[in-house]
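Data first, discussion second: the structure below is written as C-alpha cells.
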Amino acid sequence: MKLLLKCVAACLVLMFVLQASGCETLRKKFTRKRKPQSTQETMIVSPRDYGAHPFPNSVMYKQYFAYWKSWNQELVTALNDKASDKKVLDCVNQSIMNIQKMMTYLKDDQAAALSVYVKQTQTLQQRIQSKPGLPTEEARRFRYTAERILSCVNREFDPTKMKAYLKPDPS
C-alpha cells in the first residue's frame, strides 16, 4: 500500500512538472514568428504623356468601322434569335457609340452623310426601348431596319473608299 501511495505521488509530481514546463516549448515551437518590418521606400513617379492615340486616323477609322460592323451584325442576330431586351439594347448602344467615333475621323461633308445613319440607329434604339418584350413582328421590322443600315453604311463608308475623306493626321 505504501508502494502504491509512493507511485501515485510520484505520478502526480511528474504530471505537475510536465504540465508546468513541457507545453511551453511546444507552443513556442509552433507559433508564427513576426517578419521584421522592412523600411518603406518612396516611389518615384514620373508621368509620361502618350498623347491621344499613337495610330494614324486611317487605322483608327478602320478599327471603329470593324467594331461598328460586328456590333450591328450582333444586333441583327439578337433580333433574329429573339434575344433579351438587355442584349438588344446593348448591341444598339455599342453600335451608336462606334459609328459616332467613326464620324470623328471623317471630314465634315462625309461626317454629315454618316450622321443620317446615326440618327436612324438612334431612332431604332428609341423604338426598341419603347417596346419591351419585342413582339415577333416588331423584331422582324427592327431587324430589317438594322440590316438596311448595315448594308448602306457597309457600301458607302467602307474604309478603302474613305481614305480620301479622312481628316489629316495630327502632327
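The values are calculated or read from the model by the stated rules, or taken from the named source; none is laboratory data. From a predicted model like this one, the values you see are computed outputs, not experimental measurements. As a convention, Cβ positions derive from the backbone with ideal geometry for all residues, glycine included, and neighbour counts pool all protein chains shown.
Could you check how many residues of segment 150-160 are under 18 Å from T104 (Cβ atoms) and not aliphatic (A, V, I, L, M)?
Of the residues in segment 150-160, 4 are under 18 Å from T104 (Cβ atoms) and not aliphatic (A, V, I, L, M).
Being small (G, A, S) and either out of contact with any helix residue (DSSP H, G or I) (no Cβ under 9 Å at 6 or more places or on another chain) or surrounded by 14 or more Cβ atoms within 10 Å (Cβ to Cβ) (or both) is the filter here; which residues of segment 84-111 pass it?
S95, A111
When the residues of segment 58-103 are narrowed to those that are free of Cβ contacts under 8 Å to residues at least 12 places away in the same chain and of a type outside the set (A, V, I, L, M, F, W, C), which ends up farthest from L134 (Cα to Cα)?
Ranking the candidates gives Q63 first.
What are the residues in segment 157-169 that are loosely packed, with under 14 Cβ neighbours inside 10 Å and closer than 14 Å to I99 by Cα, if any?
Result: D158, single match.
Out of the residues in segment 105-140 that are in contact (Cβ under 8 Å) with a residue 24 or more places away in the chain and β-branched (V, I, T), which is nearest to V153 (Cα to Cα)?
T121
Does K167 meet the test of being touching a helix residue (DSSP H, G or I) at 6+ places or on another chain (Cβ under 6 Å), at pLDDT below 90 and basic (K, R)?
Yes, satisfied.
Assuming S70 fulfils every condition listed in (1) surrounded by fewer than 16 Cβ atoms within 10 Å (Cβ to Cβ); (2) at pLDDT below 90 apart from one, which condition is it?
(2)
Mind listing whichever residues of segment 132-160 are basic (K, R) and farther than 12 Å from L79 by Cβ?
Across segment 132-160, the qualifying residues are R148, R155.
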